Amino acid sequence: MKKVAIIGCGPGGYYAAVRLASAGLDVTLIDKQYAGGTCLNVGCIPTKVLLDHLSLYEHFIESSTKKKIFSVSDAKLNLENLRTFQSDVIKQLQDGLNKLFKKKKINFIHGEAKLLSEKKVQINSKEIIEADEIIIATGSKPRTIPGFQFDKKVIVSSDDIWNVPSLPQKLLVIGSGPIGIEFARIFNVLGSNVTVVEIQEKICPILDLEISENLIRSLKRRNITVKPNFASKLLEKKEKTALIEFISTSESKKENGEYDQVLIAVGRKPNADNLGLENVGVELEPQGFVKVNQYLQTNIKNIWAIGDVTNYPQLAHTASFQGRVVAENILGKKKAFQGDFIPSCIFGYPEIAFVGATEESLKLKNIEYKVGKFLFLASGKAKASGLTEGLVKILMDKVSKKVLGAHIIGPEASNLIHELVVAMQNNLTVDQITSSIHAHPTYSEVVLEALEDCLGEAVHV
């Protein structure tokens, strides 16, 4: 029976483990922390517990105060109970994974793993196991910026912000990517005075410009201060606050601010050190990522790498899909990883989701395209729900009529995007997508009308 050792029990590692064990292989899964990795324990799941409930709370308060739909004299958020629920959800999912591992006869070991050779893995500097195939799925850790060191109290990362004893009155978020934006929204609803600073010209630089502009308006409506084109410098860190200097990157201008907490949200770097990769000659890319081919295989033929440790979009669903690809390759199916149509999402209200090209990138490449747009404000479902913020934007190739990019800001964006992912993955034309009947009244009709707008056929524009 072929033996497989998987280092890292995040979405990629455990997905590969289950697939391989289900196929009858002898699988050992090693992680120095908990089942589920960053995503389950300090990332995707705990943030979504907060964002979902805080968005519900925000919508309820608006319905009570502005629309007078509810008459509530003292609607309060119980943060302690919310945190308890958050912990319960994490534990339930951890327990579910541990039961799954037992059911599939996966040997799950808590410990630090290190490669001794191409087929030997040492655990906790003691136990040595042998494996025919090894998968590196060790994930990533938060990056910092020059002059800032994490102390887990005043200067914090997205991994340890959960452990702060009290809510900051003033929170500075350095970095306006998905992690920064989500935490800005969380602490804004919880009552903190939030400032988001971004060194680049565009807030959330990965977004289509029009979606970014909509996001900025949304943040400002919620009294979140937004500062694009500013670098940040730590002037002084006191026991309970930090004094920050903001230096404009576009003009000769400096500003100062003092904050109870500074969240560094400038991305994550691969966990590729202290794994013994040098012992077997596994090649790394200049940025520290494990170098892989299209099959997610390293330069050592029986060693594979998946997830955040590779130079692909650092998303849980990227990792889990890569886990599936590597499992199939170990089983002899020779499957290449196709990463062209990976959807990205930013949660909270309004949600953001996108896949494919931005309008700016198409202009740079001189690709001829047509834009289709539809506002949630014109949707019957959105009107009925009272969630009318945002739009769907489709970029269609002018000649082939295929979707080049899709961008959504609004309710249920993270669910709506998948229709467009499937369409792009399968080379469907806009005509083919619009030939499918969309139920009424649903948010999916906003996608349909945006697609029809590409063809000049939208009804409610």
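What is the chain's relative contact order, in percent, from Cα pairs under 8 angstrom and six or more apart in sequence?
Numbers: 970 pairs, mean separation 64.7, N = 461.
Here the relative contact order equals 14 percent.
Suppose every Lys and Arg Cβ carries +1 and every Asp and Glu Cβ carries -1, with no other charges. What dipole size does the chain come out with about its Cα centre, to the nearest 20 debye? Could the numbers behind the result be given before it?
Values: 56 positive and 52 negative charges, 151 e Å.
For the chain, the charge dipole is close to 720 debye.
Work out which helices of the chain, taken as complete DSSP H runs, extend at least 27 Å along their axis over the Cα atoms and score a mean Kyte-Doolittle of -0.5 or more, then list them.
Details: long enough: 44-65 (31 Å, 0.28); 79-103 (36 Å, -0.67).
Helices meeting the span and hydropathy rule in the chain are 44-65.
Which of the lysines could be linked to LYS67 by a straight reach, that is with a Cα gap under 26 Å, when you skip same-chain ones fewer than 8 residues away?
Answer for LYS67, where 26 Å is the Cα cut-off: LYS76, LYS220, LYS381, LYS383, listed by chain and number.
For segment 177-237, what class follows from the C-alpha gyration tensor (a ≥ b ≥ c being the square roots of its eigenvalues): rounded when a/c is under 1.5, otherwise prolate if a/b is larger than b/c, else oblate?
Values: a/c = 1.95, a/b = 1.12, b/c = 1.74.
Oblate.
Once a ≥ b ≥ c are taken as the square roots of the eigenvalues of the Cα gyration tensor of the chain, is the result rounded (a/c under 1.5), prolate (a/b larger than b/c) or oblate (a/b not larger than b/c)?
On the way: a/c = 1.62, a/b = 1.23, b/c = 1.32.
The shape class here is oblate.
Please go through segment 151-220 and write out the GluC sites (Glu not before Pro) that DSSP classes as loop and that have at most 14 other C-beta atoms within 10 Å. Please list the in-between numbers first.
Numbers: sites: GLU182, GLU198, GLU201, GLU210, GLU213; in loops: GLU201.
Counting only loop positions with at most 14 other Cβ atoms within 10 Å, the GluC sites (Glu not before Pro) in segment 151-220 are GLU201.
Size of the dipole of segment 312-448 about the Cα centre, Lys and Arg at +1 and Asp and Glu at -1 on the beta carbon, nothing else charged, in debye to 20? Write down the numbers at each step before the final one.
Working: 14 positive and 12 negative charges, 65 e Å.
Roughly 320 debye for segment 312-448.
Taking loop as defined by DSSP and a crowding limit of 14 other beta carbons within 10 Å, which GluC sites (Glu not before Pro) in segment 236-305 fit? Walk me through the numbers on the way to the answer.
On the way: sites: GLU236, GLU239, GLU245, GLU251, GLU255, GLU258, GLU278, GLU283; in loops: GLU239, GLU251, GLU283.
Here the GluC sites (Glu not before Pro) that fit, given the DSSP loop and packing criteria, are GLU239, GLU251, GLU283.
Towards the positive end of the charge dipole of the chain, with charges on Cβ (+1 Lys, Arg; -1 Asp, Glu), say which of ILE206, LEU171, LEU20 has the farthest Cα.
Highest projection toward the positive end goes to LEU20.
Report, ordered by chain and residue number, the lysines lying within cross-link reach of LYS402, taken as a straight Cα distance under 19 Å and ignoring same-chain residues fewer than 8 apart.
LYS363, LYS365, LYS370, LYS373, LYS393
Could you tell me which of rounded, prolate or oblate describes segment 405-452, using a ≥ b ≥ c as the square roots of the eigenvalues of the alpha-carbon gyration tensor, with rounded for a/c under 1.5 and, failing that, prolate when a/b is larger than b/c and oblate otherwise?
Values: a/c = 1.89, a/b = 1.21, b/c = 1.57.
In terms of gyration-tensor shape, oblate.
In whole angstrom, how far apart do the alpha carbon centroids of segment 220-298 and segment 58-129 sit?
Spelled out, the Cα-based centre of one part sits 24 Å from the other.
If you average over every viewing direction, what projected area does the convex hull of the Cα atoms of segment 191-328 give, in nm²? Don't jump to the answer; show the numbers that get you there.
Details: hull surface 49.2 nm².
Its Cα hull, projected and averaged over all orientations, spans 12.3 nm².
Listing MET1, MET396 from the residue with the fewest other Cβ atoms within 10 Å to the one with the most, what is the order?
On the way: MET1 7, MET396 23.
Sorted ascending by nearby Cβ count, the order is MET1, MET396.
Counting other Cβ atoms within 10 Å, which trypsin sites (Lys or Arg not before Pro) in segment 217-268 have at most 15 and lie in a DSSP loop? Provide the component values of the computation, followed by the final result.
Numbers: sites: ARG217, LYS220, ARG221, ARG222, LYS233, LYS237, LYS238, LYS240, LYS253, LYS254, ARG268; in loops: ARG222, LYS238, LYS240, LYS253.
Here the trypsin sites (Lys or Arg not before Pro) that fit, given the DSSP loop and packing criteria, are ARG222, LYS238, LYS240, LYS253.
Can you tell which of GLN287, CYS9, ALA184 lies farthest toward the positive end of the dipole of the chain, using +1 and -1 charges on the Cβ of basic and acidic side chains (Lys, Arg; Asp, Glu)?
Farthest along the dipole direction, towards plus: CYS9.
To the nearest 500 deg cm²/dmol, what mean residue ellipticity at 222 nm is calculated for the chain from DSSP H runs of n ≥ 4 alone, each contributing -39,500 (n - 2.57), summed and divided by the residues?
Numbers: 13 runs with 150 residues, N = 461.
-10000 deg cm²/dmol, from helical runs alone.
What is the fewest-to-most order of HIS317, HIS460 by other Cβ atoms lying within 10 Å of their Cβ?
Going from sparsest to densest Cβ surroundings: HIS460, HIS317.
With +1 on each Lys and Arg Cβ and -1 on each Asp and Glu Cβ, and nothing else charged, work out how big the dipole of segment 37-115 is about its Cα centre, in Debye to the nearest 20. Write down the numbers at each step before the final one.
Numbers: 13 positive and 8 negative charges, 93 e Å.
Dipole size: approximately 440 debye.
If neighbour count is taken as other Cβ atoms inside 10 Å, put ILE7, ILE408, ILE155 in order from fewest to most. Let's see the in-between values first.
Values: ILE7 27, ILE408 31, ILE155 21.
Result, fewest neighbours first: ILE155, ILE7, ILE408.
Find how many whole Å separate the alpha carbon centroid of segment 341-393 from the alpha carbon centroid of segment 13-45.
Between the Cα centres of segment 13-45 and segment 341-393 lies a distance of 33 Å.
Just so you know, all these numbers are worked out from the coordinates, no wet-lab data involved. Everything quoted here is computed from the prediction, not taken from an experiment. Don't worry about glycine lacking a Cβ; one is built from the backbone with ideal geometry, like all the others, and counts go over all protein chains shown.
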